[in-house]
Each structure stands twice: as C-alpha cells, then as structure tokens.
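Trainee: Pasting in a structure now, in structure tokens, and then I'll have a few things to ask.
The values are calculated or read from the model by the stated rules, or taken from the named source; none is laboratory data. None of the values given here were measured: they were computed from a predicted structure. In this analysis, Cβ positions are derived from the backbone assuming ideal geometry, glycine residues included, and neighbour counts consider all displayed protein chains. We work out accessible area using only protein heavy atoms, side chains counted, and drop any ligands, DNA or RNA first. Shrake-Rupley method; radii C 1.70, N 1.55, O 1.52, S 1.80 Å.
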Amino acid sequence: MSGTEAQANIGVVGLAVMGSNLARNLASREGNTVAIFNRSHEKTEALVEEHPEAGFLPATSYEEFAATLSKPRTAIIMVKAGAGTDAVIDELVRVFEPGDIIVDGGNALFTDTIRREKAVRETGINFVGAGISGGEEGALNGPSIMPGGSDESWVTLGPILKSIAAVAEGEPCVTHVGHDGAGHFVKMIHNGIEYADMQLIAEAYDLIRKGTGKTPAEIADIFAEWNRGELESYLIEITAEVLRQTDAATGRPLVDVILDQAGAKGTGAWTVQTALDLGVPVSGIAEAVFARSLSSKPAQRAAAADLPGPDETLDIHDADAFVEDVRQALYASKIIAYSQGFDAIVAGAEQYGWDIKKGDIAAIWRGGCIIRAQFLNRITEAYAADPGLVALVTAPYFADAVARTQQAWRRVVVAATEAGIPAPAFASSLAYYDGLRADRLPAALVQGQRDFFGAHTYKRIDREGTFHTLWSGDRSEVEAVDTH
Ligand code: NBP
C-alpha cells in the first residue's frame, strides 16, 4: 500500500480488543473499506495477518492513515479513555482537515467529550463522542451505539454506524442522541442502570439461595425460566449460565470459588456523581455502586464478621411462593432503576441543552448492549404515548406492574431485613417508591431544622412567599416573616 491513495471510507485508531473487533465488524459490512492504525505497529500487523478477509488498509503513521481515508475523513478512536484519547485527537487534528470527523468510541466521561468537542470544533473538524455498549462481542457482531456530536457529522457517520450496529426488531440500535457530550452521557447512564440491574439480580440469587437452600444449578433453572417472561434480558440469560458453571479444578459451582469482591471501572460512580450534581435521586444505582465498594473492603468485612445479626433466619415454608415473590421484587426494583436512569437523562438534557428522545434511547438499548431487555419496548411506548412523562414508574404499564408486584416486593424486603441478609438495592428502590408516592414527607421537618440553625427559610402550604421563623427567645411565640 503506497499510503497515498484514499481508498478507505472509515478508519479505526486503537486496535486492542474493542478496536480490532469494531474494525472487523466495519470491514464485514458491504461498502466499507477500513483503514487501521495502532500506536505500536505490531497490533496492526497482527490484525492484518489474522484477518486477511477484512481487506484492511494498515497505516504505519498518522500521516499515512489520513492519506488512506477518503473525504470527509472519518476515524473512530478506540483507545484507553483519558490521556490516550487526548493524545490521539491531537495527532488526528494535526493530519485531518476541516469537515473531517473524529469519533471517540471509548468510554469517555461526557464532560471530557464536551471539552474535546469544543476544542476540536475550533479547527473546523467535527468531533463526535459515541458511547458503544456490548463489550467485545458487541463490537464484533453489533453493538448499541450512542453518538453525540453535530448534525453535520451525523449525515456521514449515521449510515456507517447503522451498518455495524445491532439490529432489534428490524431497526439498527443507533440514533443521534444529541450534540457534543450527549452520547457519552447516555452511555454513562446506561452503565449506571447496568450496575443496578446486576446488583438486583445478585440480591435475588442470594435471597433464593439462603431462603430455600437451592443449589446454584437449581437457581440457574429459575433464572432460565424467568428469562421466558417479563424479565427476559441479556443479564438474566447470562446469570443462568454463570450459575450453571462448574469449576473444573474443584468440581464446585464456579460462583462459590469466585472471590466475593466486585470490581468496577468507574462508569457507575460517574453516574452517581453526575446525578448528585444534577440533584436526581438515582438511589438504586448508587446502592449498586456502594454494594460493590462494600464487597471490596476485606479488612472491614473481616473486622465486622463477628458482629451480631438477628436471631431469625429465613424461614420459608413455600419455596415456590418465595421465589415468585423475589421475581416480582426484582421486576419492581428494575422498573425503579430504569425510572431513575431516565430521570437522570431528562435532567442532563435540560442542564446541557440536549434534545434527547427518551423513547429512541430505550429503542437502541433493545439490542447489542448489556442491558438489552424485552421491557425496553414498553419504555419506548410509554414515552411515545406521553413525551413529557415526569416519571417512568407513573406510566400506565409500569404503574400497573408495580401495583401488581409491590406486596411481594415488601414481603421480600421484610424477609431480608429480618434474616439479616443485605438487599440494599431492593430495599432502597422500595423506599424510593414509597417516598415518591408519599402524601407528605418529613422534608417539612428538615426545612424547619434548616431554618432553625441557618435561617434557610421555608415555604408554607397555605400561603405564597418565603418565610423565616424567629426561633430565639420564647419559642412558644414563633413569628413568621414573609421575606418578599
Ligand atoms: P484499552 O482500553 O485496553 O486500550 C488499549 C489501546 O489504547 C491500545 O490500542 C493502545 O495502544 C492504545 N493507547 C493507549 Br493505552 N495510550 C495511547 C496513546 N497515548 N496513544 C495512542 N494509543 C494509545 O482497549 P480496549 O479494551 O479495546 O478499549 C478501548 C476503548 O473502548 C476504551 O475506552 C474502553 O473503555 C472502551 N470500551 C471497552 C469495552 C470493553 O468491553 N473492553 C466496552 C465498551 C467500551 P498500544 O497497543 O500502542 O498500547
């Protein structure tokens, strides 16, 4: 390859597992010719050698990479998020021209994407932060893709991304989410929901195991059965497979030999940090993040191991009924996790001026991504019926589902609490639900306390205005002051 012929319509920079698979996916689709570049050239050579069928156009330098691409040049960066992304952007800006498109497909923090988009735009080059979900398998066979960036770049990029995205019910799982950081913001929320979904499933497993004494393989059958109903989803499906797995070395269930300390790469924490800044209670997601943190504190856990628990253990007389209660609790809690996630999307869109179509987001999560699930169709329908829906859980379908399941949900949380089995995401989701539907909250007392010690003022239920009580002196003679 001379390096001067512009033959590729798309390029990939960064050829570790995600980049290689995405490049192979692109190359397998009709009409795409893919230029590839990696900082250390051995990876480029290896990919070309292992996949001659892909017809890759390898480049040894950024200059050669740029020369290989037809205009507008379009390149997807798949490198380790952070400094590596900035380094590659600098190089591409150096060799690209106005009108070209740089796509960051890594897991960037959306505020970094906003910063990068602003800086790159000044050069006349388009910058698109695109969330890509589905892990290495998704990158190869069809991920769910959440691109941000300008309308102009979407014209070129849209058909390319549609060609490689997963397909759900005939539709590609990609949509132009919104401008600048919108795509990475939505991908971050996706991951937050994923944390909650996984934690809820793990709590369901733990309760069934401790409550009924069933083996992991028996519980795998339960999850496989659940996967045929309203809980049908990728995470339920793989849970059955994980629980069914036997450890080759010991013959024990694999789940029993895996160290019970959960890792994290940070996107769940980003979701919670962002939600705190936006003032959105994503309590189910937060509990899932904290549950992983708690699990990964061996010294604290060892020190606390002898602290007393309740005298009661789970006393289940009807195992089938208990399993069904847990299923319903899982479904209700999952609805809350999604409801909270979509609240965060609404708040982010408002804060950053993005026009995000919530129903479209649910639709592109139906395939390719980790939280793909049957009930995402119901979310799309809910937002189609009422685009201004204030809380997903109040949409008729979900309100009915929670009404149907809430008694079981309460029984499960009570049983877990009485038996001293931690079910933080189940319990927190239920508390959120009860908080949301409460006629009156003790927030009134909190306002009183705030006014007492900090003169923070309060509103009244019976009059307009802002009030402060003179608390000092004879407190039986409080005086309300309208500060307006
Ligand atoms: P890694 O995150 O492990 O990154 C390795 C790649 O980054 C290599 O190609 C490496 O080049 C390149 N790189 C680094 Br590190 N610093 C660089 C620099 N300064 N300049 C140029 N290249 C640099 O790869 P990955 O697991 O394939 O993930 C790629 C992206 O996709 C990440 O942002 C990740 O968060 C995201 N993602 C991953 C998954 C997943 O399931 N793994 C899922 C969704 C999204 P080298 O070969 O020369 O060292």
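Trainee: Please enumerate the residues belonging to the range 18-41 that are away from the ligand (no atom under 13 Å from the Cβ), part of a helix (DSSP H, G or I) and within 21 Å of Ala67 (Cα to Cα).
Mentor: Those that are away from the ligand (no atom under 13 Å from the Cβ), part of a helix (DSSP H, G or I) and within 21 Å of Ala67 (Cα to Cα): Leu26, Ala27.
Trainee: Which one of the conditions (1) in a helix (DSSP H, G or I); (2) in contact (Cβ under 8 Å) with a residue 60 or more places away in the chain; (3) not basic (Lys, Arg) does Ser293 fail to meet, given that it meets all the rest?
Mentor: (2)
Trainee: Of the residues Asp277, Asp221, Asp247, only one is modelled with pLDDT of 95 or more and loosely packed, with under 13 Cβ neighbours inside 10 Å; which?
Mentor: Every option except Asp277 fails the conditions.
Trainee: If you check Thr44, Thr60, which single one turns out to be farther than 25 Å from Ala119 by Cβ and in a loop (DSSP other than H, G, I, E, B)?
Mentor: Matching residue, one of Thr44, Thr60: Thr60.
Trainee: Turning to a different aspect of this structure: Counting only residues that are part of a loop (DSSP other than H, G, I, E, B) and out of contact with any helix residue (DSSP H, G or I) (no Cβ under 6 Å at 6 or more places or on another chain), which one in the range 311-340 is nearest to Thr394 (Cα to Cα)?
Mentor: Once the filter is applied, the top-ranked residue is Asp318.
Trainee: Scan the range 36-54 for residues that are surrounded by 14 or more Cβ atoms within 10 Å (Cβ to Cβ) and in contact with a Ser or Thr (Cβ under 9 Å, 6 or more places away or on another chain) and jot them down.
Mentor: Ile36, Phe37, Asn38, His41, Lys43, Thr44, Leu47, His51, Ala54
Trainee: Among residues belonging to the range 65-86 that are within 15 Å of the ligand (Cβ to nearest atom) and of a type in the set (D, E, K, R), point out the one that is least open to solvent (accessible area, probe 1.4 Å).
Mentor: Filtering the range 65-86 for residues that are within 15 Å of the ligand (Cβ to nearest atom) and of a type in the set (D, E, K, R), the one least open to solvent (accessible area, probe 1.4 Å) comes out as Asp86.
Trainee: Read through the list (1) farther than 30 Å from Ala165 by Cα; (2) buried (at least 21 other Cβ atoms within 10 Å of the Cβ), then give the number of the only condition that Ile361 fails.
Mentor: It fails just one condition, (1).
Trainee: Mind listing whichever residues of the range 113-136 are open to solvent by 50 Å² or more (accessible area, probe 1.4 Å) and touching a residue at least 60 places away in the same chain (Cβ under 8 Å)?
Mentor: Lys118, Glu136
Trainee: Okay, next question. With the range 80-149 as the region, which strands (runs of 3 or more DSSP E) entirely inside it contain at least 2 residues that are out of contact with any Leu (no Cβ under 7 Å at 6 or more places or on another chain)?
Mentor: It comes to 126-133, 144-147.
Trainee: I'd like the residue in the range 374-426 that is of a type in the set (D, E, K, R) and touching a helix residue (DSSP H, G or I) at 6+ places or on another chain (Cβ under 8 Å) and, out of all such residues, is farthest from Ala332 (Cα to Cα).
Mentor: Ranking the candidates gives Glu381 first.
Trainee: Still on this structure, I have one more. If we scan the range 364-371, do we find a residue that is outside any helix (DSSP H, G or I), surrounded by 12 or more Cβ atoms within 10 Å (Cβ to Cβ), out of contact with any helix residue (DSSP H, G or I) (no Cβ under 7 Å at 6 or more places or on another chain) and at pLDDT below 95?
Mentor: The answer is yes; a qualifying residue exists.
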